[in-house]
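The values are calculated or read from the model by the stated rules, or taken from the named source; none is laboratory data. If you're wondering where the values come from, they're calculated on a predicted model, not measured in any experiment. Every residue, glycine as well, gets a Cβ built from its backbone with ideal geometry; the counts of neighbours run over all protein chains shown.
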Amino acid sequence: MTDSIGSASQAGAASATHRSSTLSEAPVLSIRGVSRTFVGQERDVVALDNVDLDVQKGEFISLVGPSGCGKTTLLRVIDGLDAADTGTIELEGKRLTGVSQDMAYVFQDINLLPWRSVRGNVELGLEARGVEKAERQRIATECLEMVGLKDVMNVPPYTLSGGMQQRVGVARALAVKPKVLLMDEPFGQLDNFTREALQAEVASLWEQLGITIVFVTHDVDESIFLSDRIVVMHRNPGRIIEILDVNLPRPRTQAEFRGEHETIELRSKITALLRSQEGGL
Amino acid sequence: MTTLSSAPQTPSVGSLGSSTGNGQAGSGGGAASGRAKLKSVSETKSWHSRATRYIAILAVLGAWQATGAFLAPVFLSTPTRSIVAFYDLMVNGTLPKAVGSSLLILAMGIVCSGFFGITLGTIMGRIQFLERALDPLVTFGNATPSIALLPLMEVWFGQGKLSAVIFIFIIGFWQMVVNTLAGMRVVRIGYRDVGVAFGMSKWEQTFRIYLPATQPFIFAGSRIALAQCTVGMILAGQELGQGGLGGIVNTYGTYFQTDNLIATIGTTCALALAMFTALRVLQDTKFRWIRATSAGRRGANSK
């Protein structure tokens, strides 16, 4: 397995990318030397320490690690919601300043606005982009159809179950036709059954739309099921330990993938990596 | 079941006109027979509590009537005499005129205070520098007891309607500023993130995220402002020569017309109650999400 301990001194392209076979395209997302420290009252927390990462176009890549390993921080820095102390983010070669309009974020807390209807929530990003009402509604309806929620378009979001609410969150993100979809532990608050159903839905949406997805999770199985590559991170300081390829054929099903040899190997490898780093707080 | 109707509303800032809805109880789920059982229990209980309420009211009225019959009419009057007085005052136009006059100054004062108060609260909530600069002024203004301002009103604006409206405005204004600002400060970080993440401009964020998120606080502030401004309305009538309900209360007091006095006070009460109910109805119809997502309810994302 190729190694990729993020470090600015190492040759960027060779260490950070793993598709040794298909390096014809430039990465859609290029993260270089990103560091972020949270200054606290008693001590400073190094959430990210010189992280390098390349994301290929159209791939599904997961960031996996224990809580506090900086994966959410990294995702927010990528989107521009938080600023990094050092380092750069490049989207399709262009350096990013501030919040990117070509990427969309799906929140762990879902964060639907209760004073808007479901469709009103999905239209949010389009409103900000100045899309006209009729067109907005059309796109929003389309996106809601994609996640199977066309029937509840006009209800207030708090009447929906958690799983349905997060689907709306996904629809909201897809409505702005992002180049990269950033998902921050989107199913963390849901029960197992809903989570598995939504995992399958995200996988199928991904294959349908050909979109690039960066997915943060602490659930190792989830990352194996969904991803092309898994970025294993650890905390204190937050950094990438290793990046692993997932060589499971697609489409994958919940029932089958668990029994696969590759899955079992990956899972033990990742767990071993995470455990070997334990001891730091 | 009765405890549900007196549960504190969000935010719990001393609200009159609290919920009267008993039917909000989520008694769902379970077998049909189980549900029927639950319903009859809650029905019985609410029948009980309503009966208790009415009996209590009747008991008080009865005691009043009995006591009043023994004392000179000047002191207590009686329910019956007060009702007769009420009828007379309505018929000869005194009460309707007074109510109209008072409500007019109240409406003008409170609408202006709402508009300017919410505006200033919003501006302070969004521009940190202004918040810091104006905070001492707001604290000072809010802490000043309104009664102390009455002589000042007279000096500056004389007697009459203008003075009264300004007086009511000042009372309501500080409440609205303070409450709006409080709401602005605690807008959920998740909501703010949504605004930023989806590319809204600062302006758009203010009107489409911050202001709607502050609505519960604006309602709470409105309830307090309404209560205080109603007092101001009476005071203005009494002290600023404005007439209206305050004015006739003074007159009846001076001439020991206790039955007229009680009739007027009762009318003022009923008026205040009606206004609070109207506010509550507005919140529960046009802003249902406030109640639906208040802390502790199912469906609320409490983080």
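Observations, loosely collected:
- Any hit, region A:189-198, residues being within 13 Å of chain B (Cβ to nearest Cβ) and modelled with pLDDT under 95: yes
- Those residues of region B:145-190 which are at pLDDT below 90 and either among the basic types (Lys, Arg) or under 21 Å from B:Phe129 (Cβ atoms) (or both), in sequence order: B:Lys161
- Condition met for B:Phe217 (within 14 Å of chain A (Cβ to nearest Cβ), in a helix (DSSP H, G or I), in contact with a Ser or Thr (Cβ under 7 Å, 6 or more places away or on another chain) and closer than 22 Å to B:Ile127 by Cβ): yes
- Considering A:Ala47, A:Ala83, A:Ala26, the condition of being in contact with a Gly (Cβ under 7 Å, 6 or more places away or on another chain), hydrophobic (A, V, I, L, M, F, W, C) and part of a loop (DSSP other than H, G, I, E, B) is satisfied by A:Ala26 alone.
- Failed item, numbered, when A:Val118 is tested on (1) within 13 Å of chain B (Cβ to nearest Cβ); (2) surrounded by fewer than 18 Cβ atoms within 10 Å (Cβ to Cβ); (3) among the aliphatic types (A, V, I, L, M): (2)
Residue-wise test of (1) closer than 30 Å to A:Ala47 by Cα; (2) at pLDDT below 95.
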residue	(1), (2)
A:Gly87	yes, yes
A:Val106	yes, no
A:Leu112	yes, no
A:Val118	no, no
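- Boolean, B:Gln175 is within 11 Å of chain A (Cβ to nearest Cβ), out of contact with any Cys (no Cβ under 7 Å at 6 or more places or on another chain) and polar (S, T, N, Q): no
- Of the residues making up region A:227-281, those that are of a type in the set (Gly, Ala, Ser) and on the phi < 0 side of the Ramachandran plot are A:Ser227, A:Gly238, A:Ala255, A:Gly259, A:Ser268, A:Ala272, A:Ser276, A:Gly280.
- Screening region A:102-114 for residues that are of a type outside the set (Asp, Glu), more than 7 Å from every other protein chain (Cβ to nearest Cβ) and within 15 Å of A:Val214 (Cβ to Cβ) and picking the one that is surrounded by the fewest Cβ atoms within 10 Å (Cβ to Cβ) gives A:Gln108.
- Applying the criterion of being hydrophobic (A, V, I, L, M, F, W, C) and away from every other protein chain (no Cβ under 13 Å) to the residues of region A:121-139, the residue that is surrounded by the fewest Cβ atoms within 10 Å (Cβ to Cβ) is A:Ala134.
- Checked against the criteria, A:Val99 counts as without any contact (Cβ under 8 Å) to a residue 24 or more places away in the chain, facing chain B (nearest Cβ under 9 Å) and not in a helix (DSSP H, G or I).
- Yes/no for B:Leu149 being within 14 Å of another protein chain (Cβ to nearest Cβ), buried (at least 17 other Cβ atoms within 10 Å of the Cβ) and not aromatic (Phe, Trp, Tyr): no
- Residue that is surrounded by 19 or more Cβ atoms within 10 Å (Cβ to Cβ), away from chain A (no Cβ under 14 Å) and modelled with pLDDT under 95, where the choices are B:Gln283, B:Gln238, B:Gln228: B:Gln238
- All positions within region A:142-163 that are among the β-branched types (Val, Ile, Thr), within 14 Å of chain B (Cβ to nearest Cβ) and outside any helix (DSSP H, G or I): A:Val155
- When B:Phe207, B:Phe116, B:Phe169 are screened for being under 28 Å from B:Gln283 (Cβ atoms) and loosely packed, with under 14 Cβ neighbours inside 10 Å, only B:Phe207 passes.
- When the test is whether a residue is buried (at least 22 other Cβ atoms within 10 Å of the Cβ) and on the phi > 0 side of the Ramachandran plot, A:Gly93 does not pass it.
- Yes/no for A:Phe187 being under 18 Å from A:Leu75 (Cα atoms), surrounded by 17 or more Cβ atoms within 10 Å (Cβ to Cβ) and touching a helix residue (DSSP H, G or I) at 6+ places or on another chain (Cβ under 6 Å): yes
- Filter result for the condition that a residue is touching a residue at least 40 places away in the same chain (Cβ under 8 Å) and more than 13 Å from the chain's Cα centre (by Cα), over A:Leu244, A:Leu248: A:Leu244
- Residue satisfying condition, being at pLDDT 85 or above and under 19 Å from B:Phe173 (Cβ atoms), within set B:Ile105, B:Ile83: B:Ile105
- The set of residues in region B:247-280 being loosely packed, with under 14 Cβ neighbours inside 10 Å, in contact (Cβ under 8 Å) with a residue 40 or more places away in the chain and not β-branched (Val, Ile, Thr) consists of B:Phe256, B:Leu273.
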